[in-house]
1. Answer yes if at least one residue in segment 32-39 is at pLDDT 85 or above, farther than 14 Å from Leu84 by Cβ, open to solvent by less than 80 Å² (accessible area, probe 1.4 Å) and hydrophobic (A, V, I, L, M, F, W, C), and no otherwise.
2. Output yes when any residue across segment 15-24 is at pLDDT 90 or above, among the aliphatic types (A, V, I, L, M), under 14 Å from the mean Cα position of the chain (by Cα) and open to solvent by less than 50 Å² (accessible area, probe 1.4 Å), and no when none is.
3. Quick check: anything in segment 55-77 in contact with a Phe, Trp or Tyr (Cβ under 8 Å, 6 or more places away or on another chain) and surrounded by 17 or more Cβ atoms within 10 Å (Cβ to Cβ)?
4. In the set Gly89, Gly67, which member is touching a strand residue (DSSP E or B) at 6+ places or on another chain (Cβ under 8 Å) and not hydrophobic (A, V, I, L, M, F, W, C)?
5. Restricting attention to segment 110-127, does a residue exist that is outside any loop (DSSP other than H, G, I, E, B), open to solvent by 50 Å² or more (accessible area, probe 1.4 Å) and modelled with pLDDT under 85?
Amino acid sequence: MPLSPPQPPTGATTTTFQIGTYSALTDTFTSVFDCNDFTSTWVAWDSLKLPLADLIDVRGNNIRTPGEKISRIQYKNRHVTLALMIYGGTAQAVLNKEHALIAAIRNESLPYVLRVAAPGATNYSYFDVVKCTWEIPYDPQQYRAGFKTQITIDFECQPGIRGDRLTLQNFVANPGFEAPCGGASAPAPIVFSD
């Protein structure tokens, strides 16, 4: 008898974790694989790690003077890690979902991004993936039961985290540039016309 996937408490919000592509020109995200949909996939509790990128520095010293000088500081890539569970009800459904996951995260699919939002958040954070490694242990008992656990994924991402693009709009005409200027009694010359 297949097990049923765990469901969040009624009214609770969950973490958004999606794999997909992002177009900066149109500010659109296209989801390829949802890792936490609570239907067929979910992120194991407390397994999602979003650590800071390691900071490395270049040091120099002189044998005649104490101490070291730091001449350059640079961030390394960050590693976003998680443990994923797949529920399918049948072994074939689990395998199909596994294949869809591998197709989404394999290195030939690069570049792609991770879209993450904390529970209840309204804005997304985007992580640019540069490399991905994963481990899917083989357990025939889990396949027969219709679920798969302990799929560990390590996304190596660029150090910065992007947010949604902000588009500023200013429809107020600026006097002297796009709008006529001058006093009320004098004719108003047009400085620029576009």
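The values are calculated or read from the model by the stated rules, or taken from the named source; none is laboratory data. Note that the structure is predicted; figures quoted are calculated from it, not measured. Here Cβ is always computed from backbone atoms with ideal geometry, including for glycine, and neighbour counts include all displayed protein chains. All accessible areas refer to the heavy atoms of the entire protein, side chains included, with ligands and DNA or RNA removed. Shrake-Rupley method; radii C 1.70, N 1.55, O 1.52, S 1.80 Å.
1. Narrowing segment 32-39 to residues at pLDDT 85 or above: 32-37, 39.
The next check asks that each one be farther than 14 Å from Leu84 by Cβ; those that pass are 32.
Pick out the ones that are also open to solvent by less than 80 Å² (accessible area, probe 1.4 Å) and you get none.
The answer is no, given that none of the residues of segment 32-39 is at pLDDT 85 or above, farther than 14 Å from Leu84 by Cβ, open to solvent by less than 80 Å² (accessible area, probe 1.4 Å) and hydrophobic (A, V, I, L, M, F, W, C).
2. Looking through segment 15-24, at least one residue is at pLDDT 90 or above, among the aliphatic types (A, V, I, L, M), under 14 Å from the mean Cα position of the chain (by Cα) and open to solvent by less than 50 Å² (accessible area, probe 1.4 Å).
3. As a first pass, look at segment 55-77 and keep what is in contact with a Phe, Trp or Tyr (Cβ under 8 Å, 6 or more places away or on another chain): 55-56.
Retained after the next criterion (residues that are surrounded by 17 or more Cβ atoms within 10 Å (Cβ to Cβ)): none.
Looking for residues that are in contact with a Phe, Trp or Tyr (Cβ under 8 Å, 6 or more places away or on another chain) and surrounded by 17 or more Cβ atoms within 10 Å (Cβ to Cβ), one finds none in segment 55-77, hence no.
4. On the way: Gly89 fails: touching a strand residue (DSSP E or B) at 6+ places or on another chain (Cβ under 8 Å).
Gly67 is the lone residue from the list that is touching a strand residue (DSSP E or B) at 6+ places or on another chain (Cβ under 8 Å) and not hydrophobic (A, V, I, L, M, F, W, C).
5. Pass one, segment 110-127, residues outside any loop (DSSP other than H, G, I, E, B): 112-117, 125-127.
Remaining after also requiring open to solvent by 50 Å² or more (accessible area, probe 1.4 Å): none.
Within segment 110-127, none of the residues are outside any loop (DSSP other than H, G, I, E, B), open to solvent by 50 Å² or more (accessible area, probe 1.4 Å) and modelled with pLDDT under 85.
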